[in-house]
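Laboratory data are not the source of any read-out in this text; all were calculated from the coordinates shown. The shown structure was predicted, so the numbers you read here are calculated from the model rather than taken from an experiment. Neighbour counts run over all protein chains shown; Cβ positions are idealised from the backbone, glycine included.
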Amino acid sequence: MSTSKYKRVVLKLSGEALAGGKGSGIDPAVIQSIANQVKDIVELGVEVAVVVGGGNLWRGKAGSEMGMDRASADYMGMLATVMNSLALQDSLENIGVQTRVQTSIEMRQVAEPYIRRKAIRHLEKKRVVIFAAGTGNPYFSTDTTAALRAAEIEAEVILMAKNNVDGVYSADPTIDQTAVKYNTLSYLDLLKEGLAVMDTTASSLCMDNDIPLIVFSIMEEGNIKRVVIGEEIGTTIRGNN
């Protein structure tokens, strides 16, 4: 019987991960696979919080580059994360995993408002909590949301699931064949070398609060459980290497 290395985790999913090979929208097979993997770690006794991006439906940055007001474009991106969160909640509850969506922007008919103590209580009752609508503020990414929520709920680690890479590389491995994969890094290395894993605000928050980050591929079935039980896959980033 596998045992978990962590008691409470934040799983960060990009919106693109939900799109699978389609590039945009939500791929039902992919979201079902993710739900099954989350169920596997819940059954190990892990308390799971999830932060989902919205890039498969809308990108605030792309909207502002088209001439939209940046704040309006970012708010649209936050609503995209709510749509993704509700889809993931539905997939989880269809396989018997109790799930709550909490939003940073109030929309009571759709989900609970984000309340830290309530989120922690849900986790203690072994419910999956999905944090939607980012931080509730424009100009902040869902990476920053993951770092902020991880600090607030005292998660032991952030699991950053990627759909296009299996860790952190010295350069984009799809472009540069000489790119080297790192097994471990420090947040200072990340910031110093400008590695595009998460934005600098999120990296600084993780570093200041001593929250480790594990970057791995979501595309291989069972990887979330492998990370949680301590298998060394992907890249681990810590405050001090």
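The table below lists the values:
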item: V168, V110 arranged by Cβ crowding within 10 Å, fewest neighbours leading; result: V110, V168
item: Spin-label model distance (nm) - E106 vs L188, 7 Å beyond Cα toward Cβ; result: 4.5
item: Percent RCO, i.e. relative contact order, over the stretch 10-238, from Cα pairs under 8 Å lying at least 6 residues apart; result: 21
item: Potential extension, I175-A196 segment - 0.36 nm per residue separation minus Cα distance; result: 6.1 nm
item: Approximate spin-label separation I95-T3, in nm, with each point projected 7 Å along Cα-to-Cβ; result: 2.5
item: Inter-site label distance for E154 and I233 at 7 Å from Cα along Cβ, in nm; result: 3.0
item: Karplus 3J(HN,Hα) series, Hz, for the stretch 179-187 with 6.51 cos²θ - 1.76 cosθ + 1.60 (x for Gly, Pro); result: 4, 9, 8, 8, 8, 9, 8, 9, 4
item: Ranked packing of 52-64, 173-185, most packed first, by mean Cβ within 10 Å; result: 52-64, 173-185
item: Contour minus Cα-Cα distance for D210 and A62 (0.36 nm per residue); result: 50.1 nm
item: Sites A29 and K126, calculated FRET efficiency, Cβ-Cβ separation with R0 30 Å, nearest 0.05; result: 0.70
item: Percent of beta bridges antiparallel (DSSP, the chain, rounded to nearest 5); result: 15
item: Residue-wise HN-Hα coupling along the stretch 127-142, computed from phi with Karplus coefficients 6.51, -1.76, 1.60 (Hz; x: Gly, Pro); result: 8, 6, 10, 9, 8, 10, 6, x, 8, x, 10, x, 6, 10, 8, 6
item: Violating pairs (Cα-Cα greater than 21 angstrom) within the set K39/K61; K61/K192; K7/K125; K39/K181; result: K39/K61; K61/K192; K39/K181
item: Order of R149, R127, R116 under a 10 Å beta carbon neighbour criterion, fewest first; result: R116, R127, R149
item: Beta bridge orientation in the stretch 120-241: antiparallel %, DSSP, nearest 5; result: 40
item: Percentage relative contact order, the stretch 1-103, counting C-alpha pairs under 8 Å, at least six apart; result: 29
